[in-house]
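Q: Handing you a structure now.
Laboratory data are not the source of any read-out in this text; all were calculated from the coordinates shown. Quick caveat, the model's predicted, so the values are computed rather than measured. Ideal geometry is used to build each Cβ from the backbone, glycine not excepted, and the neighbour counts take in all protein chains shown.
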Amino acid sequence: MPRLTAPFILSRPITYSPLLLREIDFRSSSIPSLENLLILRDQLDSYDFTDNDLPSLTNLPRLTRCKEINLSSNIIETLQSDISSRLPNLEILTLTSNSLKTIRSILPILSCTSLRYLSLLGNGVTGKKYYRMIIIGHLKNLKVLDYKKITSSEREKSSAFLKSSICTDLLSSLKSSSSTSETLEEVDSAPLVTAGTRSFTVDDKKLIKSMIEQAKSAEVIDVIQEYVKRGEMPPRSVMGEEEKEEEEKEQLIEEEKEEPTATATATAPAPASKKRPRSTSNASVTSDTSKGSGKRSRANSSASKDSKVSKKSKTSKTVETEEKTVTEENFAKLTVAKLKDLMKEKGIEIPKKAKKAELVKILEES
């Protein structure tokens, strides 16, 4: 296997990348390790180590000018712990198709705050729980992860998850533990199986995971975690969805109940008041037509008059009883339209832009 000796490094071609960065090409050179890169005197912007035999990203010198490094198609399992200080201005890191399997193996990347583009596709770590939220939550300048643009909603969820006790406990356990084979799945699944007196099923775990991903705040995630620690299945009410739905349903039911009563009370006295002029006009018409007829027609007209007068008296009595019942009712239960109608009937002046409480007070005083 060829080593990165000084003559070999100086013999490699230096070109400009599509981003107009000065790049040195070490593609497909079967390089087993990184060494002697200081001979380039930190004069390059990009390093391409695609398709080599690198088992780890270590022995990096301090390269302040380096903005991009491509390490695709290697066998990298570990990363240099101080990569952020070795590459302080790194913006593009490509680690596609390597052997990074655990969250612990990518922890050094979380300190590379200048990263804007990161790819870890083809690594086992991409299938771990909370993988994207952990990376997005730590790297505030990251725009694209695994060739997928980061949305604003995804960033909000990730920042909320970062503040939760689940994330802090998880990261502290990963940093303090000495076992390099412990994965995120093993860490966060352990409390789910042993917490309290309940053993959570696979479906329960999937439901809890979806609830955490859909949580809109760190407080909600903490509440879910408390339920899990007690060995209880978190209810959907912790998400605040069911309460909102119930409140909306109650409001709709109340509005539906109020609408028919308001319309009934507003329209009830209207037909009674209209009957008075109609009855008088009809009486005058019948009286006028009865003048030119004989005794028989006069008797019929007088009988009809008596029946109409009796009906009129009945309707007037019903109107009076309705008005009495209305006045006896609690004004606070009536609608604003009904209160205004009562004030008009009583000849009370209606103030402009008056609220319901003011109208009720005026009617009670009257």
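Q: Describe numerically, in nm with one decimal, the distance between label points set 7 Å from Cα along Cα→Cβ at ARG12 and at LYS340.
A: Rounded to a tenth, the inter-label distance reads 8.3 nm.
Q: A further question on this structure: Please give the per residue volume of the convex hull enclosing the alpha carbon atoms of region 1-150, rounded to a whole number of Å³.
A: It is 96 Å³ per residue.
Q: Please compute the net charge surrounding ASP42, taking Lys and Arg as +1 and Asp and Glu as -1 over other residues with Cβ under 15 Å from its Cβ.
A: Charge balance near ASP42 sits at +3.
Q: Holding the Cα-Cα limit at 28 Å, pick out from LYS67/LYS163; LYS206/LYS229; LYS143/LYS205; LYS101/LYS140 the pairs that are longer than that.
A: Distance filter (> 28 Å) returns LYS67/LYS163; LYS143/LYS205.
Q: So, one more: Report the calculated FRET efficiency for LYS229 and LYS140 (r = Cβ-Cβ distance, R0 = 25 Å), to the nearest 0.05.
A: Efficiency computed from Cβ-Cβ geometry: 0.25.
Q: Multiply the residue gap between SER30 and LYS209 by 0.36 nm, knock off their C-alpha separation, and tell me the result in nm, one decimal place.
A: Length gained between SER30 and LYS209: 60.3 nm.
Q: With a cap of 10 neighbouring Cβ atoms within 10 Å, and only residues DSSP puts in a loop, list the trypsin sites (Lys or Arg not before Pro) found in region 4-53.
A: Values: sites: ARG22, ARG27, ARG41; in loops: ARG27, ARG41.
For trypsin sites (Lys or Arg not before Pro) across region 4-53 that sit outside H, G, I, E and B with at most 10 neighbouring Cβ atoms in 10 Å, the list reads ARG41.
Q: OK, next. For a Förster distance of 56 Å, can you work out the FRET efficiency between the beta-carbons of THR151 and GLU364, rounded to the nearest 0.05?
A: The computed FRET efficiency comes out at 0.45.
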